[in-house]
Amino acid sequence: MAHNHIPGDSKDHASNTNGGSQDNKYKVICFGEMLIDFVPTVGGVSLAEAPAFKKAPGGAPANVAVCISRLGGSSAFIGKLGDDDFGYMLSDILKENNVDNSGVRFETNARTALAFVTLRADGEREFLFFRHPSADMLLHESELDINLLKQAKIFHYGSISLISEPCKSAHLAAMKIAKSSGSILSYDPNLRLALWPSPEAARDGIMSIWEQADVIKMSEDEISFLTGGDDPNDDNIVLKKLFHPNLKLLVVTEGSEGCRYYTKEFKGRVAGVKVKPVDTTGAGDAFVGGILSSLATDVSLLKDEKRLREALLFANACGAATVTERGAIPALPTKEAVLKLIEKVST
């Protein structure tokens, strides 16, 4: 099935009062946080040592929405920003990238979330979040755009929106509306331990909606964390402890090594696309954007291992293309760039 997407029309879909025909059904709606990452102007330093910071738009669900749009798909973002200059800047960035922002709300009592992020000399990322609370945590169920949610072919979310109320209730309600409208539910647990009250709360919160997802993408670290320290490379651990009966696809990303995939019918791995990394920020979100843009075009590839592998190679290449430039959103690739990269590596 070909893309039904007409360039430039993505913002008009939401104004369809008839709820949109199948052709007009929003492909991918991403729910959750959008924030500003402050990244040091020099690499390999701790936050305390950084001489200066540069602001970069971020937030995993928003990155995924922009990625899908860059790849030629259609996407929307639902979340809450501060009624401040940063909030309006982020909302404009969505619009400039052809992401429908009609589901964005603005909060007068809290600021847009900020995160200071650095890649230390040892390669580990260090985060410092300013959310006490931030606007994204204050989205209420009553503020959800229900018509927009009903247009989701895929509804994608993380776990940060489950940490506190009222956002948690809004998240659960949005999942329910999307599911009952026939959406595929896509979940990236996106573990950020520093934001949860405790590791136990993180584990319980992340697992509380596990059984409802149709598609889950996770990292090796997240497997170790959620299974209480089991070997993330052991297929039996993954299948026994994390693969649930409703799941259509579980993908484990392994950075530059590529990814492993598990469905009810088959499992395997797809090698990564080798590039020279500059900044790994947003690579996982680009991977998610890559696989979801393929699924939005054709859900049946979940049943066809050959086509699933092609879609995962495309997703790996989306992640690889993103690490060759600094920042998440600025580095997200177009479909042409991804296909060119795959061609270059395979010749």
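The values are calculated or read from the model by the stated rules, or taken from the named source; none is laboratory data. Note that the coordinates shown come from a computational prediction; the quantities given were computed from them, not determined experimentally. Glycine gets a Cβ as well: all are built from the backbone with ideal geometry, and neighbour counts include every protein chain shown. Ligands, DNA and RNA are stripped out before the accessible areas are found, and what is left, the full protein with its side chains, is counted by its heavy atoms. Shrake-Rupley method; radii C 1.70, N 1.55, O 1.52, S 1.80 Å.
In the set (1) under 17 Å from GLU310 (Cα atoms); (2) at pLDDT below 95, the condition left unmet by GLY268 is number (2). PRO166 - would you say it is open to solvent by 10 Å² or more (accessible area, probe 1.4 Å), under 20 Å from ARG131 (Cα atoms), without any contact (Cβ under 8 Å) to a residue 40 or more places away in the chain and not β-branched (Val, Ile, Thr)? Answer is yes for this residue.
Wholly within region 205-322, which helices (runs of 4 or more DSSP H) include no fewer than the required count, namely at least 3 residues that are open to solvent by 60 Å² or more (accessible area, probe 1.4 Å)?
Details: elements: 220-226, 283-297, 305-322.
Fully inside region 205-322 and qualifying: 305-322.
Could you grab me the full set of residues in region 133-163 that are in contact (Cβ under 8 Å) with a residue 60 or more places away in the chain, part of a helix (DSSP H, G or I) and closer than 26 Å to GLY290 by Cα?
Narrowing region 133-163 to residues in contact (Cβ under 8 Å) with a residue 60 or more places away in the chain: 134, 136, 139, 143-145, 147-158, 160-161.
Within this subset, residues satisfying the condition of being part of a helix (DSSP H, G or I) are 136, 143, 147-149, 160-161.
Matches in region 133-163: ASP136, ASN147, LEU148, LEU149, ILE160, SER161.
Within region 92-105, the set of residues being surrounded by fewer than 20 Cβ atoms within 10 Å (Cβ to Cβ) and of a type outside the set (Lys, Arg) comprises ASP92, ILE93, GLU96, SER102.
Can you pull out the residues in region 131-152 that are over 17 Å from PHE106 (Cβ atoms) and open to solvent by less than 10 Å² (accessible area, probe 1.4 Å)? Selection gives LEU149, GLN151, ALA152.
Is it the case, given these coordinates, that ALA320 is among the hydrophobic types (A, V, I, L, M, F, W, C) and over 15 Å from the mean Cα position of the chain (by Cα)? The answer is yes for ALA320. LEU242 - would you say it is modelled with pLDDT under 95 and over 16 Å from the mean Cα position of the chain (by Cα)? Against the criterion (modelled with pLDDT under 95 and over 16 Å from the mean Cα position of the chain (by Cα)), LEU242 does not qualify. Filtering region 323-347 to residues that are of a type in the set (Gly, Ala, Ser) and either modelled with pLDDT of 95 or more or surrounded by 15 or more Cβ atoms within 10 Å (Cβ to Cβ) (or both) leaves GLY327, ALA328, ALA331, ALA337.
With the condition kept exactly as written, say whether any residue in region 174-185 is open to solvent by less than 50 Å² (accessible area, probe 1.4 Å) and within 27 Å of GLY255 (Cβ to Cβ).
Taking region 174-185 first, the residues open to solvent by less than 50 Å² (accessible area, probe 1.4 Å) are 174-175, 177-178, 181, 183-185.
This time we only want the ones that are within 27 Å of GLY255 (Cβ to Cβ), so: 184-185.
Checked region 174-185: at least one residue is open to solvent by less than 50 Å² (accessible area, probe 1.4 Å) and within 27 Å of GLY255 (Cβ to Cβ).
Is it true that GLY79 is part of a loop (DSSP other than H, G, I, E, B), modelled with pLDDT of 95 or more and not charged (D, E, K, R)? When the stated conditions are applied, GLY79 does not pass them.
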